[in-house]
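Novice: Quick one: the structure is below, and I'll ask about it shortly.
The values are calculated or read from the model by the stated rules, or taken from the named source; none is laboratory data. This structure is a prediction, so every number in the text was calculated from the model and none was measured. Cβ placement follows ideal geometry from the backbone for every residue including glycine, while neighbour counts extend to all protein chains displayed. Side chains are part of the model used for accessible areas, which takes the heavy atoms of the whole protein and leaves out ligands, DNA and RNA. Shrake-Rupley method; radii C 1.70, N 1.55, O 1.52, S 1.80 Å.
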Amino acid sequence: MNPIINALKSLSVTTVNIIVALIFFVITAKITNPAFFGKVAIIQLLEVITVSFFALINGGIITREVSYMFASHEIDKKFISTVLLTPFVVTPVFLILLIFPNYVKLTIPYLILYLFTSYASSIMSGLNRYTESTISGITFLIIRWGISIIAVLQQNIYLFVEIWLAGGIFSSMFDALIIARSIGGLQFTFSFSIFKKIFKEGLVLYLSSMAGFLAGQGDRVSTAYLLGSYYLGIYQFAALVAGIPNMIIGALTNVLLPSASYYKALGKDELTISRLSFKVTSFITFLLVTVSIPFAYFFIPRFFPDYTSGLEATTIILLAITLPQPFTVLTYFLIAFKKSLRPFLYLSIINALTTVTTSFLLIPRIGIMGGAISQLIVASISSLFTLYYVLSNKVFHPSRREIAVLSLIPIIFSYEVFIDPPFLDLIVLAFLIIFFKKVFTAEEKRVVETFSPKVFRVIIKILL
């Protein structure tokens, strides 16, 4: 279970996603309008609804349990079969979508398979099957964004959904075959007792996910309700561009949950793992933020002039969802080390209420910037709470080095919002590299270098 190699495999999927999605959006922006893009945004919103409301068992719990099984070489086939069959058992809940427009009804089979592949991905992460997961993910993305260009050219939203469904069919079948091969066959039995146990253990996360939907997507829902699909298209585009650094960081850090669970099962020190993970994530986060905002201001006006009005919102959203990533990483260790997650339910409820309230107060007055500011407020609340909770649970105990890293977060935010002349960005990047050379201990540098592939070790030595 090598976290760096697995992170690079995961990053390859995200890289393909960014490239093919960029091509898709360039073509879509040129031949359609924000209203059509708004329909695409609604389909993407349904994906988020699926994993927030219809995913009755939590993917993090699944990954943790499978990682523990993998470390002990004792795979419970009934557990895995139960997880994989759950999306089909809960199929009736998707029928609520029948009350919506026809193209939304058509997404029901796709969304069921989307949930299945989400669970399959959690299992494959726990089994250390990142190579196979990468193949599945890249193929799906090429179908999702590449082939769907045909539907965009025809401006046919129904064909668009059907192409995504074809991608879902491929990924679900491929993932099922890989998992069956990895564990020596599937039993195709659904154990209610196992489902009940997983559901009960992840109930807090499930309820948090539902509340988190309003916290994370309430600004989009409010924008659609208050301003219509045209402005939803502009806001969704701003959010997608702003989300690229977050996607990259997420691809690199989503391996931490199975890795932390695996090494915890082998008796490794918790604080050493969490400190190193926090500092590596912070370093990557600061570098990406410094590079991404100038790039967005260069890129959007030249390739997407119809969406230039969303540039300021892009900046705020990017900072709001990217800078908290070091805190988000620490929550993985709460799951991996089996700490109580109940307070996050209360946090999600607070965030949901905050998002809805601030969105309805701000969006009518200042447009989509109101939604962006709403996300910033929620991100600030979540980050402060997460830091407090991981400290109180002793999952993370910062030394002076980690405190120095924490102090940089508000400084970088202030710089990006109020200063950020392009000529200073190279100076900031140089400062960050020098700063983190002092932050990482000699032992931490050795650990990172040990896990790194040989081809990257020269780069690691330069950066760290």
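Novice: How much accessible area per residue does the chain have, in Å², with a 1.4 Å probe?
Specialist: 43
Novice: Quick test of the membrane-span-like rule: which DSSP H helices of the chain reach at least 30 Å along their long axis (C-alpha atoms) with mean Kyte hydropathy at least 0.5?
Specialist: Within the chain the helices that satisfy the rule are 3-31, 157-183, 203-227, 270-303, 342-366, 368-392.
Novice: Using a cut-off of 12 Å between beta-carbons, work out the net charge of the residues near PRO326 (Lys and Arg +1, Asp and Glu -1, PRO326 not included).
Specialist: +1
Novice: I'd like the carbon and sulfur percentage of the solvent accessible area for the chain, probe radius 1.4 Å, heavy atoms only, ligands and nucleic acids excluded.
Specialist: 70
Novice: Here's something else I'd like to know. Only Lys, Arg, Asp and Glu count, each charged at its Cβ (+1, +1, -1, -1), so figure out the dipole size of the chain about its Cα centre, rounded to 20 debye.
Specialist: Once rounded to the nearest 20, the dipole reads 880 debye.
Novice: Can you bin the chain into rounded, prolate or oblate? Criterion: square roots of the alpha carbon gyration tensor eigenvalues sorted a ≥ b ≥ c, rounded for a/c under 1.5, prolate for a/b above b/c, oblate for the rest.
Specialist: Because its axes are fairly even, with a/c under 1.5, the chain counts as rounded.
Novice: Now a separate question. Between beta-carbons, use under 15 Å as the cut-off and find the net charge around PHE190, counting Lys and Arg +1, Asp and Glu -1.
Specialist: Summing Lys/Arg as +1 and Asp/Glu as -1 gives +3.
Novice: If each DSSP helix of 4+ residues adds -39,500 (n - 2.57) and the sum is divided by the residues in the chain, what number results at 222 nm, nearest 500 deg cm²/dmol?
Specialist: So the helix-based figure for the chain works out to -26500 deg cm²/dmol.
Novice: Looking at this model, which pairs from LYS9/LYS200; LYS200/LYS339; LYS77/LYS105; LYS279/LYS339 are more than 26 angstrom apart at the alpha-carbon?
Specialist: Over 26 Å Cα-Cα: LYS9/LYS200; LYS77/LYS105.
Novice: Give the aspartates and glutamates whose C-alpha is closer than 14 Å to that of LYS445, dropping any in the same chain fewer than 8 places away, or say none.
Specialist: Counting by Cα, and skipping residues close in sequence, LYS445 has no aspartates and glutamates nearby.
Novice: Here is a follow-up. Give the range of the longest stretch in the chain that excludes all chymotrypsin sites (Phe, Trp or Tyr not before Pro) found in loop regions by DSSP and having at most 16 other beta-carbon atoms within 10 Å.
Specialist: With a cap of 16 other Cβ atoms within 10 Å, the longest stretch comes to 191-464.
Novice: If you add up the charges near LYS105, with Lys and Arg at +1 and Asp and Glu at -1, over every other residue whose beta carbon is less than 15 angstrom from its beta carbon, what do you get?
Specialist: Surrounding charge for LYS105 is 0.
Novice: Would you be so kind as to identify which of ASN254, VAL89, SER348 lies farthest towards the positive end of the dipole of the chain, taking Lys and Arg as +1 and Asp and Glu as -1 on Cβ and the Cα centre as origin?
Specialist: ASN254
Novice: Moving on to the next point. Using Cα centres only, tell me the gap between segment 138-208 and segment 81-107 in whole Å.
Specialist: The distance from the Cα centre of segment 138-208 to that of segment 81-107 comes to 12 Å.
Novice: Before anything else, pin down the relative contact order of the chain: Cα pairs under 8 Å, at least 6 apart, normalised by residue count, whole percent.
Specialist: Computed over the chain, the figure is 22 percent.
Novice: When only C-alpha pairs under 8 Å and at least 6 residues apart count, what is the relative contact order of segment 353-398, in percent?
Specialist: 28
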